[in-house]
Amino acid sequence: MYEIGEYLISEFYDNDYELAKQKKPAKAKCFARVIDTLRANGEKKPSRSWLHNAIDLMVDKKAVGDFLSYGNLPLSHKVLLFPINDLEEKKIYAEEAYTGNLTVSQFRDLIKRNKKAHEASVFRFLKDEKSVNTRDIEEIFSDFNILQLTEKKFDKVKKTVQDEIEEIEAKINDQKIILEKYKAIKNKLDKVAKKGKPKI
C-alpha cells in the first residue's frame with residue numbers, strides 16, 4: 001500500500017503531498033480514468049477506497065515522520081487516524097494505541113468518545129460569552145477543528161452562534177430601552193434643578 005500510495009502521489013499529484021492531502025489531483029481526470037478502467041475490466045481490487053487509503057497513508061507517513069509509536073501501529077490503526085487533521089493530536093492517539101496495545105475496536109471507540117466530547121465542548125464554549133471574548137477567531141476555528149466538522153455538526157455550530165447573536169441583540173435592545181428611561185429621568189432631574197428644587 002505504501003508503494004502504491006507513493007506511486008499515485010507521484011503520478012497524479014506531481015509528488016505534491018499538500019495536493020494529495022487536499023484531494024486535488026494535478027491530473028484528476030487521469031486518476032478517475034484509472035479507477036474507471038479497473039471497473040470496466042471487471043477488477044474489484046484494489047477498490048476506490050483502497051486506492052485513496054494508499055494515498056492518505058503516504059500523506060500521514062510523511063507528516064508524522066519517524067514517530068516510533070505511529071510507525072509500529074498496524075495498518076488498520078493507521079487508517080483510523082486518517083480523519084484526524086491535527087498532527088500533534090494524531091501522534092497522541094498513535095502513542096495511546098501503541099502503548100496501550102489497543103485492538104482496532106478499542107482504538108475506534110477511544111477516538112469516537114474523544115470526538116463526541118470534543119464536539120460537545122465546542123457548543124459549551126460558544127455559549128460562554130467570556131470565553132469567546134478572550135480567544136482569537138482563528139484560534140477558535142483551529143482549536144475546535146470547526147472546518148473539519150461534519151455538515152450536520154457544522155450547521156449546528158452556525159445555529160448556536162446565531163442563537164447567541166439573537167440573545168445578545170435582545171439584551172442590547174432591552175438595555176437601550178432602560179438606558180432611554182434613565183436618560184429621561186436625568187433630563188427631568190436637570191430641569192428641576194435649574195428651576196430650583198421645590199421646598200417642602
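The values are calculated or read from the model by the stated rules, or taken from the named source; none is laboratory data. Worth saying up front: this structure is predicted, and the values here are computed from it rather than measured. FYI the Cβ positions are ideal-geometry reconstructions off the backbone, even for glycines, and counts take in every protein chain you see.
Below are the figures for this structure:
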{"read-out": "Odd one out for Ile165, checked against (1) modelled with pLDDT under 90; (2) under 26 Å from the mean Cα position of the chain (by Cα)", "value": "(1)"}
{"read-out": "Options Asn53, Asn72: the member that is buried (at least 17 other Cβ atoms within 10 Å of the Cβ), polar (S, T, N, Q) and touching a Phe, Trp or Tyr at 6+ places or on another chain (Cβ under 9 Å)", "value": "Asn53"}
{"read-out": "Which listed residue is over 30 Å from Val132 (Cα atoms), in a helix (DSSP H, G or I) and acidic (Asp, Glu), from Asp155, Asp190", "value": "Asp190"}
{"read-out": "Residue in region 116-138 that is in a helix (DSSP H, G or I), within 17 Å of the chain's Cα centre (by Cα), more than 17 Å from Glu164 (Cα to Cα) and at pLDDT 85 or above present", "value": "yes"}
{"read-out": "Yes/no for Asp56 being closer than 30 Å to Asp143 by Cβ, among the acidic types (Asp, Glu) and modelled with pLDDT of 90 or more", "value": "yes"}
{"read-out": "Where a residue in region 23-43 is among the β-branched types (Val, Ile, Thr) and its partner, wherever it lies, is at pLDDT below 70 and assigned to a loop (DSSP other than H, G, I, E, B), with Cβ under 6 Å and at least six apart", "value": "none"}
{"read-out": "Which numbered condition Ala97 fails, given (1) in contact with a Phe, Trp or Tyr (Cβ under 7 Å, 6 or more places away or on another chain); (2) at pLDDT below 85", "value": "(2)"}
{"read-out": "Subset of region 84-127 [under 21 Å from Leu147 (Cβ atoms) and either loosely packed, with under 12 Cβ neighbours inside 10 Å or among the β-branched types (Val, Ile, Thr) (or both)]", "value": "Ile84, Glu88, Ile92, Ile111, Lys112, Lys116, Ala117, Ala120, Val122, Arg124"}
{"read-out": "Filtered residues of region 128-160 (kept if of a type in the set (Ser, Thr, Tyr), closer than 20 Å to Lys90 by Cβ and surrounded by 13 or more Cβ atoms within 10 Å (Cβ to Cβ))", "value": "Ser142"}
{"read-out": "Qualifying residues in region 11-30 (those that are in a helix (DSSP H, G or I) and under 22 Å from Pro83 (Cα atoms)) - the one modelled with the lowest pLDDT", "value": "Ala28"}
{"read-out": "Ile168 without any contact (Cβ under 8 Å) to a residue 12 or more places away in the chain and over 30 Å from Asn72 (Cβ atoms)", "value": "no"}
{"read-out": "Qualifying residue in region 162-174 (condition: closer than 30 Å to Ile84 by Cβ and surrounded by 11 or more Cβ atoms within 10 Å (Cβ to Cβ))", "value": "yes"}
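Yes/no per residue for (1) more than 20 Å from Ile4 (Cβ to Cβ); (2) acidic (Asp, Glu); (3) part of a loop (DSSP other than H, G, I, E, B):
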site: Asp56; (1), (2), (3): no, yes, no
site: Ser69; (1), (2), (3): yes, no, no
site: Ser76; (1), (2), (3): no, no, no
site: Phe82; (1), (2), (3): no, no, yes
site: Ile92; (1), (2), (3): yes, no, no
site: Glu96; (1), (2), (3): yes, yes, no
site: Ile111; (1), (2), (3): yes, no, no
